[in-house]
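Visitor: Please find one structure pasted underneath; my questions will follow.
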Amino acid sequence: MENTKRTEELDALQRRYLKVLSERYPSIASASTEIINLQAILNLPKGTEHVLSDIHGEAEQFFHVLKNGSGAVRAKIDDEFGNSLCIRDKKQLATLIYYPAEKLDLIEKDETELDDWYKITLHRLIQVCKRVASKYTRSKVRKALPKDFAYVIEELINEKEEITNKEAYYNGIIDTIIRIGRSRAFIIALCELIQRLVIDHLHIVGDIYDRGSGAVEIMDHLMNYHSVDIQWGNHDLLWMGAASGQPACIANVIRICARYGNLATLEDDYGINLMPLANFALEVYADDECELFQVQDHGDADMLSRIEEQTEMKMHKAISIIQFKLEGQIIKKRPGMLMDNRLLLDKINPETGTVELDGVTYNLLDTKFPTIMWSDPYQLSKEEEKVMKRLIHNFKNCEKLQRHVQFLLKSGSLYLCYNDNLYFHGCVPMNEDGSFREVYLQGKGYKGKALYDFIEKNVRRGYYLPESEAKTYGQDLMWFAWTNENSPVFGKEKMATFERYFLGEKDTHEERKDPYYRLIEDETISETVCDNIIREFGLDPKKAHIINGHMPVKLKKGESPVKGNGKLFIIDGGFSKAYQKTTGIAGYTLVYNSYGLKLVTHLPFESAEKAIKEETDICENINIIEKLSERKYVADTDNGKVIQQKINDLELLLKAYRNGKLRENAGK
């Protein structure tokens, strides 16, 4: 009886669903047409996925890699022209596609037979455009076409069987474009279309923000990108926490911007008023040179006046002390985070100018702490409280920052399973034996995937919930994710910020990595570790991979980005110039097309100007790390499964129309 009732309920639910579906496909003809269209899509080659990580605000290099698709554009040129074009012409064509307006400026200045060059180049670009458009439906390509030239480009890239003299037809269109002076605009439109079509989907595996000055420009671009997902890095979560109004996250964001001469991102790009902090710092630290707080890696250091430099150094020290106090407050408030070893201000002896760390006494490099009340060193002074109140208000009410963080929440997550690959930024916290480490939060243990899910849920609550303890906990968990050894996006025993500022002993600066990093390097166990992680996240180890950001690969020391017998790829993009001295390269990106996986090694990027003039690229090496035995089609992808389910549903709708359960509505 109960089973019969359940069956009747399911039948009723299906009828209601089919009734809703019939609103969109009101006839046998419309449903049949959609089935045919969807089936055709399933038989198209899988779109190319482009994977980047650890951008760290380096906008110019990021845009260059995005424009060339980590070598995907050049590969299409090679596929199309083979040996019929010389290397020089291929390089010029590739550079033109990357930087059409800038490259045209140079060519139009030097080329004597410009109309001939236009004609040859337009033909070549149309050929490339045909090739990159071939793996998409006409409908999808049509949606990507630039508005001003949509009809003309569609005519040029689609064969017209009914036209007898095709060459004359296409030449006539191109000659007209040149004659009426639209060559430049048309070339730019074609180049941008090629860039758009060569990559079907973009993955960003964390850390858009950090020391570089272009994070805002990058975020603006990603918000307008045709298809993108983001796996949050610890720097991204820090900015998300700051946008939510979490005080320690705000202090960390400002301190890092001050340390790397990047306060303009806050003041100019986001319009966040830092004057309360500047005025406070100039007053309280008026007699302090703040030598330990000099700006690092400042691209515009020579442009700073001495007064500006001194102001930034004082702001840098002021916010650092505020940060240590605020972090101490969280640690004491949230004992479950197990961070008592990072309570350092109360370990300072102001009389001797020393601090006790892990049972060892060290001399401090700076002993001027005018705002610390030694009876309660983690309490903000009244002036510091006023500064933080203003800063919290400014961050929470910054419209542009809120838009960017809402986009991170909408398009991002802590991890992603996509087309048989697992994407995450840092590491899965592990014990020395390779088992998943259990982390206790709010009195309950979480490990593996469950830990990621718990943190992500609370991150969203910390941003979206109204003021409540649940919201505050979520905000504090964003700071936890930024700096805690049990955070999957951090993965080190500590963040030695205090030690790097105040202690000269380099051994105290060391940040021991999670056992995960040793285990994936151990050839005897790394593949097993990777298989266990892949299973934990619901994927099949026989065909899935882990794509991992966060840790730069030190190629100079013989490290490889490929781990676990080809199961795991570390693709820290190496965009940050600060890391390139130790890595010897500018990191890695990944390209996953219908034929397999390619790992791309990048050289340090000097400038877009050099790339345009010298027609150079930074894709030093492209390694095919996995070639598929059979080409992948849309049917083999996650989206293909969704499309197949839709086909199944439409076939049920057809059956309902034909057996009389539903009536067609031909008038619609």
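Visitor: Using square roots of five times the C-alpha gyration tensor eigenvalues, list the equivalent-ellipsoid semi-axes of segment 154-235 in whole Å, biggest first.
Guide: The answer is 41, 16, 7 Å, longest axis first.
Visitor: Give, as ranges by residue number, the residues of segment 27-65 whose backbone N falls under 20 Å from the point 7 Å along Cα→Cβ of Ser134.
Guide: Taking a point 7 Å out along Cα→Cβ of Ser134, the residues of segment 27-65 whose backbone N falls under 20 Å are 40-49.
Visitor: Still on this model: At R0 = 60 Å, how high is the FRET efficiency between Ser375 and Asp116 if r is their beta carbon distance? Nearest 0.05 is fine.
Guide: Rounded to the nearest 0.05, the efficiency is 0.15.
Visitor: Could you tally up the Lys pairs in segment 328-431 with alpha carbons closer than 26 Å? Skip any pair fewer than 8 positions apart unless they're on separate chains.
Guide: Counting lysine pairs in segment 328-431 gives 22.
Visitor: Among all the aspartates and glutamates, which ones have a C-alpha under 20 Å from Lys632's C-alpha, if same-chain residues fewer than 8 places away are not counted?
Guide: By straight Cα distance, Lys632 reaches Glu49, Asp79, Asp200, Asp420, Asp540.
Visitor: Ratio of Rg to Rh for segment 438-522, alpha carbon only, Kirkwood?
Guide: 1.06
Visitor: Relative contact order for segment 386-512: what is it in percent, counting Cα pairs under 8 Å that are at least 6 residues apart?
Guide: Relative contact order comes out at 15 percent.
Visitor: Working only with C-alpha atoms, what are the Rg and Dmax values of segment 12-52, expressed in angstrom?
Guide: 15.5, 47
Visitor: Under the Karplus relation 6.51 cos²θ - 1.76 cosθ + 1.60, θ = phi - 60°, what is the ordered set of whole-Hz ³J(HN,Hα) values for segment 621-634, x standing for Gly and Pro?
Guide: Computed from phi, the couplings for segment 621-634 are 8, 10, 9, 7, 8, 7, 9, 6, 5, 10, 4, 8, 10, 4 Hz.
Visitor: To make sure I understand the rule: partners must be lysines, Cα under 30 Å from the Cα of Lys661, and not fewer than 8 residues away in the same chain. Which ones qualify?
Guide: Once the sequence-local lysines are set aside, what remains near Lys661 is Lys5, Lys19, Lys641, Lys646.
Visitor: Now for a separate question. Contact order normalised by length for segment 94-229, with contacts defined as Cα pairs under 8 Å and 6 or more residues apart; what percent is it?
Guide: 33
Visitor: Using the C-alpha gyration tensor of segment 476-535, what are the square roots of 5 times its eigenvalues, in whole angstrom, with the largest one first?
Guide: Semi-axes, largest first: 28, 17, 5 Å.
Visitor: Report, by chain and number, residues whose modeled amide H sits under 5 Å from the one on Leu422, excluding near sequence neighbours (fewer than 5 apart, same chain).
Guide: Amide H to amide H, under 5 Å and 5 or more residues apart or across chains, Leu422 pairs with His545, Ile546, Ile547.
Visitor: Tabulate in residue order the Karplus-calculated ³J(HN,Hα) for segment 639-644, using 6.51 cos²θ - 1.76 cosθ + 1.60 with θ = phi - 60°, rounded to whole Hz; enter x for Gly and Pro.
Guide: 5, x, 5, 5, 5, 4
Visitor: Shifting gears a bit: Normalising by the residue count of segment 260-358, find the relative contact order in percent from Cα pairs under 8 Å and 6+ residues apart.
Guide: 23
Visitor: Follow-up question, since we're still on this one. For the chain, with only Lys/Arg (+1) and Asp/Glu (-1) charged at the beta-carbon, what is the dipole magnitude about the Cα centre, in debye rounded to 20?
Guide: The calculation lands at about 2760 debye.
Visitor: Tell me the Rg and the Dmax, in Å, that the Cα atoms of segment 315-392 produce.
Guide: According to the Cα coordinates of segment 315-392, Rg and Dmax are 13.0, 38 Å.
Visitor: Quick one: with all protein chains in place, what share of the accessible area of the chain is carbon or sulfur, to the nearest percent (1.4 Å probe)?
Guide: The C+S portion of the solvent-accessible surface of the chain is 48 percent.
Visitor: Can I ask one more? Looking at the square roots a ≥ b ≥ c of the eigenvalues of the Cα gyration tensor of segment 98-138, which shape do they give, rounded for a/c under 1.5, prolate if a/b is larger than b/c, or oblate?
Guide: oblate
Visitor: I'd like the distance separating the alpha-carbon centroids of segment 236-274 and segment 595-659, in whole Å.
Guide: Centre-to-centre distance over Cα atoms comes out at 35 Å.
Visitor: Taking +1 at the Cβ of each Lys and Arg and -1 at the Cβ of each Asp and Glu, which of Gly504, Tyr473, Ile177 sits farthest along the dipole of the chain towards its positive end, judged by Cα position relative to the Cα centre?
Guide: Projecting each Cα onto the dipole axis, the largest value belongs to Ile177.
Visitor: In µm²/s, what is D for segment 1-117 at 4 °C and 1.567 mPa s, where D = kT/(6 pi eta Rh) by Stokes-Einstein and Rh is the Kirkwood radius from Cα pairs?
Guide: 64
Visitor: If you build the convex hull over the alpha carbons only and average its shadow over all orientations, what do you get for segment 219-313? Give it in nm² to one decimal.
Guide: 7.6
Visitor: At a Cα cut-off below 24 Å, give the lysines reachable from Lys119, other chains included and same-chain residues fewer than 8 away excluded.
Guide: Straight-distance partners of Lys119: Lys67, Lys76, Lys90, Lys91, Lys103, Lys109, Lys130, Lys147, Lys160, Lys166, Lys613.
Visitor: How many Å³ per residue does the convex hull of the Cα positions in the chain occupy?
Guide: Cα-based convex hull of the chain, divided per residue, equals 216 Å³.
Visitor: On average, how much area does the Cα convex hull of segment 19-85 cover when viewed from any direction, in nm²?
Guide: That works out to 9.1 nm², a quarter of the Cα hull's surface.
Visitor: Can you pull a Stokes-Einstein diffusion coefficient for segment 392-535 at 37 °C (0.692 mPa s), Rh from Kirkwood over Cα pairs, as a whole number of µm²/s?
Guide: Value of D from the Cα-based Kirkwood radius: 192 µm²/s.
Visitor: In addition: For segment 336-440, which semi-axes, largest first and in whole Å, follow from the square roots of 5 times the eigenvalues of its Cα gyration tensor?
Guide: Those come to 37, 27, 11 Å.
Visitor: What does the highest-first list of 204-214, 496-506, 348-358 look like by mean Cβ count within 10 Å?
Guide: Packing proxy ranking, top to bottom: 204-214, 496-506, 348-358.
Visitor: Something else now. Can you pull the Kirkwood radius for segment 105-171, inverse mean 1/r over Cα pairs, to one decimal in Å?
Guide: Result for segment 105-171, one decimal place: 13.6 Å.
Visitor: Nearest 10 degrees is fine. How inclined is helix 275-284 to the longest principal axis of the chain, computing both from alpha carbons?
Guide: 20
Visitor: Just to compare against my own numbers: the Cα pair-distance distribution for segment 602-668, 10 Å bins, whole % per bin, please.
Guide: Histogramming segment 602-668 at 10 Å steps yields 15, 19, 16, 18, 12, 12, 8 percent.
The values are calculated or read from the model by the stated rules, or taken from the named source; none is laboratory data. Everything numeric in this text was worked out from a predicted model, so none of it was measured. Here Cβ is always computed from backbone atoms with ideal geometry, including for glycine, and neighbour counts include all displayed protein chains. To get the accessible areas, we keep the full protein, side chains included, count just its heavy atoms, and leave off ligands, DNA and RNA. Shrake-Rupley method; radii C 1.70, N 1.55, O 1.52, S 1.80 Å.
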